[in-house]
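Inspection log for the structure reproduced underneath, given as structure tokens.
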Amino acid sequence: MSKSFLEVDGLSKVYPDGQGGELTVFEDIRFALEKGEFVCIIGHSGCGKSTILNVLAGLDEASAGNVVMNGKEVKGPGLERGVVFQNYSLLPWKTALNNIVFAVQARWPKWSKEKVKVHSERYLKMVGLDHALNRKPSQLSGGMRQRVSIARAFATQPELLLLDEPFGALDALTRGVIQDELVKIWEETRQTVFMITHDVDEAILLSDRIFLMSNGPNARIAESVKVDIHHPRARATIFQNPAYHKTRDYLVDFLVNRSGSALPEKDGSPKVVELAKGVTQSTPASAESETESETAARAVNA
Amino acid sequence: MASLNVRAALLSVSFLILALGLWEMATQPPEADAAMTEYERLMGGADQESRVPPPSEVIKLAWAELSNPFYDAGANDKGIGIQLAYSVYRVLTGYLAAMAIALPVGFLIGMSPLMYKALNPYIQVLRPISPLAWMPLALFIIQDSDASAIFVIFICSIWPMLLNTAFGVANVRQDWVNVARTHELSPIKTALTVILPAAAPTILTGMRISIGIAWLVIVAAEMLVGGTGIGYYVWNEWNNLDLASVIFSILMIGVVGMLLDLALGKAQKLVEYKE
Ligand SMILES: Nc1ncnc2c1ncn2[C@@H]1O[C@H](COP(=O)(O)OP(=O)(O)OP(=O)(O)O)[C@@H](O)[C@H]1O
Ligand SMILES: [Mg+2]
């Protein structure tokens, strides 16, 4: 069997529960990512998504299991893995441009100043911020800050991009605009991306596959849903695709009705769901009415 | 309607005039009455010496002193500029030495909980000691009054800088440290390009407190060790019963202290950032 680009094997995280016992947040997390894939992970709050992402980033340590990227075990953070944090994490004393220059210099220490600057400006332009190069983060709106943060991550061209709810703090309008930008950049660069989101529509718009996580404690990645919508996608037209609604209904049903009890395959890998060909394993409860699933989707988005 | 600044300035000036006026009236020399003997009149009035000089006299003296601040006519007669320069030199020397120790050690304590726990007891014991209490020991060990005064400045300005540096460094947002980690910055680079700028406002606050304390302490220290400096000058003029000079030098101490604070305030503005 050929090795995947990223292999996550048997991750678990245990915290003391504060009463002398132990709390297993998630256990036996197994999945693999291929090069160039865009994968979103969805699950209820507190199931451990951020923890998994931080383990992949090398910022946190798992209690058990390991992560192998390109055949090498991930131990600690590294430039080959870029992270976009939910709260942007820009350095507030640096301008937008210099925040990116900082990252690009770290990535390619031998580059000339001029080359670093040109490269950094190019990525700021990609997110439509060429007019705000010299502004400090405090002089930018939340949406603009997140754009800088995304530009910083893409500018270093990491082999794996990790995004933790990058649009969680943005209003719906701004979120839509930046989602479009992210789609555009991704079509251009085809980076491998692993992203956390609470937004079902966002996940469908962006992902090749969507991981569904069951509720904690002892959360698992139960299913992996293939999104069968061809690229390039656009927010304005994706609604017209029948696969879109099918996928959406499936995700909402999982989150509302099945996330408490869902389990992965016996070997611990997520059940593969291909809606276009019919579901290989479990089927969603199709009796659910449209209005109910709409309300649920909104609740999940909130 | 004049702007707030203009109105404030007008009010300030009126307060000054009012205060100076009251002071002037309260310190008029008594009428040279007939009861005064020829001898007394010759001596300029019997109670002349115990009288607080009126502002006009202080201003006259200030004018004379400030028009030639750097004259040097022997050990006990130097211009106010020279005396202030001695004091500023001592303060800056002691202060810079304190900085050279406090910043690196503060960094160390801030980064390492182990070092913090190990060094904290000593800091807590040494910090509340009045800087002047060190003076006899300093004089005995160093055997030099000038260096002892500098040492006292060193010891009093080190604590606020040390503690603020440690606090600032320890409380740098984890997110920013994570940014450094995900970009594989070396520890030195992380310290210089992320932690230092992040903690700089807190560090500068400590440095500003320190310079204020140092300037307070130098006057007392120089009164003790004597020789030169503004503290010695005040004490010397008091011994000469030249109260106009005493008042004038008090004002100059205030002015220089304010300038030192202003300089640090400017530096603080430079490193400030908004989140
Ligand atoms: N230091 C800690 N000690 C104990 N429990 C912790 C600690 N840090 C996190 N947890 C627990 O780990 C679980 C997973 O946290 P995590 O932040 O990964 O969740 P999440 O899925 O990202 O949630 P959200 O969607 O709200 O961001 C939570 O239930 C939390 O209570
Ligand atoms: Mg999270």
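Condition check for B:A100 on (1) without any contact (Cβ under 8 Å) to a residue 12 or more places away in the chain; (2) farther than 29 Å from B:A220 by Cα: one failure, at (2). Within segment A:74-83, can you find the residues that are over 16 Å from A:I29 (Cα atoms) and out of contact with any Phe, Trp or Tyr (no Cβ under 9 Å at 6 or more places or on another chain)? Selection gives A:K75, A:G76, A:P77, A:G78, A:L79, A:E80, A:R81, A:V83.
Rundown of residues vs (1) modelled with pLDDT of 90 or more; (2) surrounded by 13 or more Cβ atoms within 10 Å (Cβ to Cβ); (3) of a type outside the set (G, A, S), yes/no style:
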| position | (1), (2), (3) |
| --- | --- |
| B:E40 | no, yes, yes |
| B:M43 | no, no, yes |
| B:S67 | no, no, no |
| B:L84 | yes, yes, yes |
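For segment A:175-211, a tally of residues being within 16 Å of ligand 2 (Cβ to nearest atom) and buried (at least 20 other Cβ atoms within 10 Å of the Cβ) returns 8. Taken together, the residues in segment A:63-77 that are within 14 Å of another protein chain (Cβ to nearest Cβ) and touching a Ser or Thr at 6+ places or on another chain (Cβ under 8 Å) amount to 1.
Among the residues of segment A:1-20, what is the count of those that are within 16 Å of ligand 2 (Cβ to nearest atom) and surrounded by fewer than 18 Cβ atoms within 10 Å (Cβ to Cβ)? So that I can check it myself, show each step before the final result.
Pass one, segment A:1-20, residues within 16 Å of ligand 2 (Cβ to nearest atom): A:11, A:13, A:15.
So of that shortlist, the ones also surrounded by fewer than 18 Cβ atoms within 10 Å (Cβ to Cβ) come out as A:15.
Residues meeting the conditions: 1.
Checked against the criteria, B:L216 does not count as touching a helix residue (DSSP H, G or I) at 6+ places or on another chain (Cβ under 6 Å) and closer than 16 Å to B:L264 by Cα. Taking the criterion of being away from ligand 1 (no atom under 12 Å from the Cβ), assigned to a strand (DSSP E or B) and either within 14 Å of chain B (Cβ to nearest Cβ) or open to solvent by less than 10 Å² (accessible area, probe 1.4 Å) (or both), the residues of segment A:21-62 that qualify are A:L33, A:F38, A:V39, A:C40.
Can you find a residue that is within 16 Å of ligand 1 (Cβ to nearest atom) and within 14 Å of chain B (Cβ to nearest Cβ) anywhere in segment A:168-185? Yes, the conditions are met somewhere in segment A:168-185. Restricting segment B:160-176 to residues that are open to solvent by less than 30 Å² (accessible area, probe 1.4 Å) and among the hydrophobic types (A, V, I, L, M, F, W, C), the residue that is farthest from the other protein chains (Cβ to nearest Cβ) is B:L162.
Checked against the criterion of being part of a helix (DSSP H, G or I), surrounded by 22 or more Cβ atoms within 10 Å (Cβ to Cβ) and within 14 Å of chain A (Cβ to nearest Cβ), the candidates B:I218, B:I203 yield just one match: B:I203. Within segment B:177-200, the set of residues being in contact with a helix residue (DSSP H, G or I) (Cβ under 7 Å, 6 or more places away or on another chain), part of a loop (DSSP other than H, G, I, E, B) and open to solvent by less than 60 Å² (accessible area, probe 1.4 Å) comprises B:H183, B:L185.
Residues are listed down the side, and each one gets a yes or a no for (1) at pLDDT below 90; (2) buried (at least 19 other Cβ atoms within 10 Å of the Cβ):
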{"residue": "B:V225", "(1), (2)": "yes, yes"}
{"residue": "B:Y232", "(1), (2)": "no, yes"}
{"residue": "B:N236", "(1), (2)": "no, yes"}
{"residue": "B:N240", "(1), (2)": "yes, no"}
{"residue": "B:V246", "(1), (2)": "no, yes"}
{"residue": "B:V255", "(1), (2)": "no, no"}
{"residue": "B:K266", "(1), (2)": "no, no"}
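The values are calculated or read from the model by the stated rules, or taken from the named source; none is laboratory data. These numbers come from a predicted model, not from an experiment. Every residue, glycine as well, gets a Cβ built from its backbone with ideal geometry; the counts of neighbours run over all protein chains shown. These accessible areas exclude ligands, DNA and RNA; they are computed on the full protein's heavy atoms, side chains included. Shrake-Rupley method; radii C 1.70, N 1.55, O 1.52, S 1.80 Å.
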